[in-house]
Amino acid sequence: MKKKPKKVRALTLKINSRLFPMLAAKGIHSIYALANSIDENAGSLSKIKRGISDWTIEQLEKIRTIHGITPDTMFGEKHKPEIDISHKFSRVPVLGFADCGSPAATWLDNAVRIYEMADVSGMMNPFILIAKGDSMRPYINPGDRLLCSEFTEKVKDNTAVVAVFRSMPDTYEANAKLISWDRKNKLITLYSINTKFPPVNYRESELVKLYKVNRIIRDVK
C-alpha cells in the first residue's frame, strides 16, 4: 500500500529554527525542561520539534509569558532600530478592517482616519488596516494596526499578506493571512497560525490584489 506523503509544516519548522536556540540561551536545553516549565506534555512537544504536529496558540502564549520570547522573534521578525525623529513623517490612511478569519467586506474607498508615520518613504502607497478575528494569534491580534503596501517583488512563502477579493454588491473583502504560492499551477494558499482555521486554496485570478504586511503596530497595555 502506497504511503501518504508527509505534510510539510513549513511555519512550524521556521518557528523551531529560531525558538529552540533562544530557549537554549535561557537554559532550556531539552524538551523535558521546556515541558516542565510551561506545564505541557513532553511527547506532544517532541512531535512539534520533529515537525509532526503544529504549535497551538496556548503553547506559544505560555512560552511568551514564562520565557519572554515574543511572537515577533518566534516568526523571524527582526526588530528595527528606533526611528530617528528627524525623519520626515508621512500621512498614512486607515482604510478599514482586515479580518483574520473569514474574509470581511470592510474595505473602504476613503480613509476613516489618518496617522502621521515615519519610516514609510520606501513603501509604495502605504495604508493601514485594523485586524479583526483570532485566526492569526498571537502573531496578529484583534485591534493591531497592519501597515500594508503594494510591492513589486515576488512575495515569499510564509509571509503575512492582505488578500483582497471582489464581493457583492460591488465591494471588497480584505483577509489577513500567511501565504504559500504555487506559481507553476497558479494556485495561492492562504493559511492561519490558528490551526482551527483550515487553509484555503485560490486560483490567482480569484484575487483582486495582494498587499504585503510590512509592520504590525500594537498598543502597549
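Amide H contacts of T56: none lie under 5 Å away among residues 5 or more positions distant or on a separate chain (H built 1.01 Å from N in the peptide plane; Pro and chain starts excluded). Packing-based ranking of 181-187, 191-197, 62-68 yields 191-197, 62-68, 181-187, ordered from highest to lowest mean Cβ neighbour count within 10 Å.
Ordering V162, V200 from the fewest to the most neighbouring beta carbons within 10 Å gives V200, V162.
When only alpha carbons of segment 17-67 are considered, Rg and Dmax amount to 9.9, 25 Å.
Couplings 3J(HN,Hα) for segment 138-145, derived from phi with the Karplus relation 6.51 cos²θ - 1.76 cosθ + 1.60 (θ = phi - 60°), are x, 5, 10, 10, x, x, 4, 9 Hz, where x marks Gly and Pro.
Modelled this way, with points 7 Å down the Cα-to-C-beta line, the labels at K62 and K156 are 3.0 nm from one another. The ranking of S44, S121, S205 by Cβ neighbour count inside 10 Å, starting from the fewest, reads S205, S121, S44.
Computed from the coordinates by the stated procedures, all read-outs in this text should not be read as laboratory data. Here the structure is a predicted model, which means the values were calculated and not measured. Glycine also receives a Cβ, built like all others from the backbone with ideal geometry; neighbour counts cover every protein chain displayed.
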